[in-house]
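Trainee: If you scroll down you'll find the structure; I have some questions about it.
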Amino acid sequence: MGSCEFESNHTYFKSLPEPDGSGIETGFASFADTFWLGPDTRVGYLEKISNRTVQNIAVYMDNTKLGEIHGYGDFISLYAGSYADGFHQLRLEYFLEANSGSLADQLGVELLVVKMNRVAVMERTPAQAVPIVAVEARDGTLAIQWSRYKAFNFQSYVLVKQMWNGDNGYFDVWSQEVTNKNRTLLNDSTYLGGKVQYVMKVKTLDNKIGPSSQQVFDFDYSPGLAFEWQDLQHVKLTWHKVPFYKNFQSYELGYGYKSTTDINDTTAVQMPSFIFPEPSSIFLTIKAKGGNPLVESVSVTPTSTFPPFNGPIVYNSSLGKYFIMTYLANSRNTLSRIDGTSLQVEQTYDLTDGAFALSDNGAYLYVSQGRQFIQLNPLDFSEIAVYDIDAIAPPPLNSIQVADNNVITLRRGAISVAMAMPGKTVLLSNATDNPYYISPSGNHLAGDGKLWRWDGTQFNSILAVEPFYRAVFRDDRHVMLQRIQGVDMIELASGKIVATLPLRGDNLVYDKVSDLLGFNDYKYRLFNAATGEEVTSFAVMSYSSWGYTIVNNKIICTNGTLLPLSYYYP
C-alpha cells in the first residue's frame with residue numbers, strides 16, 4: 001500500500017496576477033485595439049510579462065500563422081505590402097510559464113496560454129487634402145476650422161500661417177501640428193489684422209505630407225497712429241483699438257516708453273526727441289499673445305509755422321512779436337512781423353536793403369531802404385519818419401542797432417557812428433572796420449577798442465580792451481567780446497573778465513528770455529549767461545544752408561522749425 005507524505009514546510013502553489021500581454025512591442029507608441037499597418041510594423045515582446053517568463057509567441061494574421069517569437073529582441077515583421085487594403089485580424093498567442101510552484105511547473109510542462117486580438121488596417125491611399133471650411137473672426141480672436149481626416153494613416157494636421165507682403169507675396173509666420181484627429185478647430189492668438197493665408201496639410205504615419213488646402217482672410221486693421229501738437233513741447237498721439245481683443249497683449253510706444261495692457265488706452269501725450277530740426281519717428285508696437293507684433297510709426301516734425309528766413313530774427317518781449325528778415329533775389333528783401341503766440345505772419349514790409357533794428361522796449365523800429373533811413377511803427381509798419389544821413393555816413397549800410405533811448409549805432413560805408421535820434425546828433429564816430437555795439441538800455445557801448453558808458457550827456461571810455469570783432473550785451477551787466485581765440489565775458493560794473501569761452505566763430509547769440517548764450521559748433525551749445533558755464537549741448541543737423549539761433553527760450557532753424565529750449569535744458 002502506498003503512502004503520501006505531507007511536506008508542510010514547502011510552498012508549491014503561488015498566487016500570481018493573471019497575464020495581460022502588456023509586454024507587446026510594435027513600431028507605435030501605443031498598441032491600440034485598431035492600428036495602422038505601416039511598412040515596417042513589427043511585433044515583439046519583453047522578457048517577462050506580468051512576472052511570467054515567455055516561452056514563445058505565435059503570431060497569426062487572418063488565421064494564417066506567420067511564425068513564432070522565441071526570445072527577447074526577436075521580432076516578426078508584418079510585411080504590410082503583402083496585405084490588401086482594408087481590415088485584418090492580428091492574433092497573438094502567448095505561451096507563459098505558470099510559476100505556480102506545482103510539480104508540473106517545476107518540470108516545465110505547466111504553461112499558460114494568453115490570446116490577444118487586434119485589428120490591423122491597411123491603407124495605401126495617399127493622404128488626401130483636408131479642406132479649410134472657415135476662417136472667421138469669433139469672440140475676439142480668429143478661428144480656423146477644417147474637415148476631419150477620415151483615413152486611418154493619420155499622424156497629424158499641419159497648419160501653416162502666412163502673411164501677405166505685397167509684391168513679395170506670402171511668407172511663413174508659424175506652423176503648428178495638431179495630433180488629435182478629432183480636433184478640427186484652432187484659434188490664432190497671434191492675429192491682429194491684415195491679409196493672411198492659412199495652409200492645411202496632413203502628415204501620415206509614414207511621415208509623408210499630403211496635398212494642401214488654403215484659405216485667405218483679410219481684415220483691414222491699421223492702428224492709424226496720428227499726432228497733434230498740444231503745445232510747443234508735447235504731442236498727443238492717438239490710435240485705433242485692436243478689434244481682436246482676446247489676442248491683445250500690450251501697446252508699447254517709443255519716446256518716453258509707454259507700455260499698457262489696457263486695450264482701451266489708445267492715447268498718450270509725450271515730449272518727442274529730435275535731432276533738430278529733422279522729423280523723427282515714433283513707433284507704436286502692438287503685441288499679441290504670441291507671434292510677431294504689429295508695428296506702425298508716425299513721423300513727428302517740430303512745429304514749423306515760421307516762414308523760412310535767412311536773415312536776422314528778433315523777439316520783442318514788450319510787443320510779444322517776432323521780427324524776421326528774409327533775403328530774396330534781385331535785392332528784394334522782406335521784413336515780417338509774427339505773432340508770438342499763434343506764430344502766424346501778421347504783416348510784411350518789402351525792402352531794397354537788408355537791415356533793421358528794434359529797441360527792447362518796442363518803441364523804435366528802423367529799416368534801411370536804399371539811401372533812405374526810415375523809422376516805422378512796429379505794430380503796423382507805417383512810416384513815422386524818413387531820414388537822410390548820407391552826410392553823416394555814406395551808403396551802403398552794413399549794420400544797425402537801436403537802444404531803448406532811441407540812440408542808434410550803425411556802420412555805413414567805412415564810417416561807424418553812434419547817433420541820438422530823431423535829431424541825428426552824432427555821439428561817437430570813427431573810421432574803423434568794426435561798428436559800435438550798444439546795450440539795450442543805451443547806457444553802454446563797445447567799439448573802437450574801448451568800452452563806453454553814458455553819463456547823461458556823453459559816452460566816456462571806461463576800459464580799453466583787446467581787439468574784438470563782435471560784441472553781445474547782456475543788458476547792462478555783461479558784454480561778450482568775440483575774438484579770434486575765443487569769447488571774453490566782461491562784467492560792466494567792474495570791468496573784470498569773469499569767464500573766457502573757447503568759442504571760435506561769429507554765431508554767438510544772447511537770449512534775454514532764457515538768459516542763455518547759444519553757439520553752434522557742430523552741435524548746439526548753451527551757456528549760463530551770468531557765469532559762462534556750459535549747461536548743455538545737443539545735436540543739430542549740419543546742413544550748410546541752415547542756420548540756428550536761440551530766441552524767446554526756443555531754438556529756431558532758418559527753415560522755419562522751432563523747439564522750446566526746455567527740450568534740452570534744464
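Trainee: For segment 132-219, give the magnitude of the charge dipole about the Cα centre (Cβ charges: +1 Lys/Arg, -1 Asp/Glu; no others), in debye to the nearest 20.
Mentor: 420
Trainee: Another question about this same structure. If the cut-off is a Cα-Cα distance under 19 Å, which aspartates and glutamates reach K150, setting aside same-chain residues fewer than 8 apart in sequence?
Mentor: Those aspartates and glutamates meeting the cut-off are D33, D85, E123, E177, D206.
Trainee: While we're looking at this one, here's another question. Would you indicate which of (i) 1.05; (ii) 1.43; (iii) 1.19 is the value of Rg/Rh (Cα atoms, Kirkwood Rh) derived from the coordinates of this structure?
Mentor: Among (i) 1.05; (ii) 1.43; (iii) 1.19, the one derived from this structure is (ii).
Trainee: Only helical DSSP H runs with n ≥ 4 go in: add -39500 (n - 2.57) per run for the chain, normalise by residue count and round the 222 nm mean residue ellipticity to 500 deg cm²/dmol.
Mentor: 0 deg cm²/dmol
Trainee: Let me ask you something else. At a Cα cut-off below 25 Å, give the lysines reachable from K65, other chains included and same-chain residues fewer than 8 away excluded.
Mentor: Within the straight-line cut-off, K65 pairs with K48, K115.
Trainee: Calculate, for D231 and D33, the FRET efficiency according to 1/(1 + (r/R0)^6) with r their C-beta to C-beta distance and R0 56 Å; round to the nearest 0.05.
Mentor: FRET efficiency, D231 to D33: 0.15.
Trainee: Amide H of L37 versus every other amide H placed in the peptide plane: which residues, excluding those fewer than 5 positions away on the same chain, fall under 5 Å?
Mentor: V121, M122, E123
Trainee: Further question on the same structure: Considering only Q401, P570, I275, whose Cα is most displaced toward the positive end of the charge dipole of the chain, charges sitting on Cβ of Lys, Arg (+1) and Asp, Glu (-1)?
Mentor: Of the candidates, Q401 comes out farthest on the positive side.
Trainee: What FRET efficiency comes out for the pair S382/F283, r = Cβ-Cβ distance, R0 = 51 Å, nearest 0.05?
Mentor: 0.50
Trainee: Further question on the same structure: Take the Cα atoms of segment 112-158, build their convex hull, and give its volume per residue in Å³.
Mentor: It is 136 Å³ per residue.
Trainee: Listed here are the pairs K208/K287; K195/K289; K203/K241; which of them are more than 27 Å apart at the Cα?
Mentor: K208/K287; K203/K241
Trainee: Using each residue's phi in segment 285-300, evaluate 6.51 cos²θ - 1.76 cosθ + 1.60 at θ = phi - 60° and report the 3J(HN,Hα) Karplus result to the nearest Hz, with x for Gly and Pro.
Mentor: Whole-Hz 3J(HN,Hα) from phi for segment 285-300: 10, 9, 9, 8, 6, x, x, 7, x, 9, 10, 9, 10, 9, 8, 9.
Trainee: How much length would be gained if the chain were fully extended between T348 and Q55, taking 0.36 nm per residue of separation minus their Cα-Cα distance, in nm to one decimal?
Mentor: Length difference between fully extended and current span is 94.1 nm.
Trainee: Here is a further query. Please state the charge dipole magnitude for segment 203-335, taken about the Cα centre, from unit charges on C-beta atoms (+1 on K and R, -1 on D and E), reported in debye and rounded to the nearest 20.
Mentor: 60
Trainee: Same structure, new question: Carbon and sulfur: what percent of the chain's accessible surface (1.4 Å probe)?
Mentor: That fraction is 49 percent.
Trainee: Run down the lysines and flag those whose C-alpha is under 21 Å from the C-alpha of K554, throwing out any fewer than 8 positions away in its chain.
Mentor: Within the straight-line cut-off, K554 pairs with K236, K321, K512, K523.
Trainee: So, one more: Roll a 1.4 Å probe over the protein chains and send me the accessible area per residue for the chain in Å².
Mentor: 48
Trainee: Which length gain, in nm to one decimal place, applies between A329 and N207 when the Cα-Cα distance is subtracted from 0.36 nm times their residue separation?
Mentor: Between A329 and N207, full extension yields 36.1 nm more.
Trainee: Name the residue farthest towards the positive end of the dipole of the chain from the options V130, A355, G193, assuming +1 on Cβ of Lys and Arg, -1 on Cβ of Asp and Glu, about the Cα centre.
Mentor: Of the options given, the answer is A355.
Trainee: Find how much the distance from S82 to S299 grows on full extension, using 0.36 nm per residue of separation minus their present alpha carbon separation; answer in nm with one decimal.
Mentor: Taking S82 through S299 to full extension adds about 71.1 nm, to one decimal.
Trainee: Rank-order 494-504, 54-64 by packing density, defined as the average count of other C-beta atoms within 10 Å over each peptide's residues, highest first.
Mentor: Highest-to-lowest ranking by the protection proxy: 54-64, 494-504.
Trainee: Follow-up question, since we're still on this one. Would you work out which of V178, M163, F152 lies farthest towards the positive end of the dipole of segment 132-219? Charges go on Cβ: Lys and Arg +1, Asp and Glu -1.
Mentor: F152
Trainee: Related question: Based on the alpha carbon coordinates of segment 132-219, what radius of gyration and maximum Cα-Cα distance (Dmax) apply, in Å?
Mentor: Spelled out, the Cα radius of gyration and Dmax of segment 132-219 are 13.2, 41 Å.
Trainee: Another question, if that's okay. Below 14 angstrom from the Cβ of V269, what's the summed charge of the other residues (Lys, Arg +1; Asp, Glu -1)?
Mentor: Taking every other residue near V269 into account, the sum is -1.
Trainee: Mind listing the phi-derived Karplus ³J(HN,Hα) values for segment 326-332, rounded to whole Hz, using 6.51, -1.76 and 1.60 with θ = phi - 60°, and x for any glycine or proline?
Mentor: Running phi through 6.51 cos²θ - 1.76 cosθ + 1.60 with θ = phi - 60° gives 10, 8, 10, 6, 6, 6, 9 Hz.
Trainee: Okay, moving on. Please give the charge dipole size of the chain, origin at the Cα centre, charges +1 on K and R Cβ atoms and -1 on D and E Cβ atoms. Round to the nearest 20 debye.
Mentor: 740
The values are calculated or read from the model by the stated rules, or taken from the named source; none is laboratory data. Note that the structure is a prediction, hence the values are computed from the model and not measured. Neighbour counts run over all protein chains shown; Cβ positions are idealised from the backbone, glycine included. Side chains included, ligands, DNA and RNA excluded: accessible areas come from the protein's heavy atoms. Shrake-Rupley method; radii C 1.70, N 1.55, O 1.52, S 1.80 Å.
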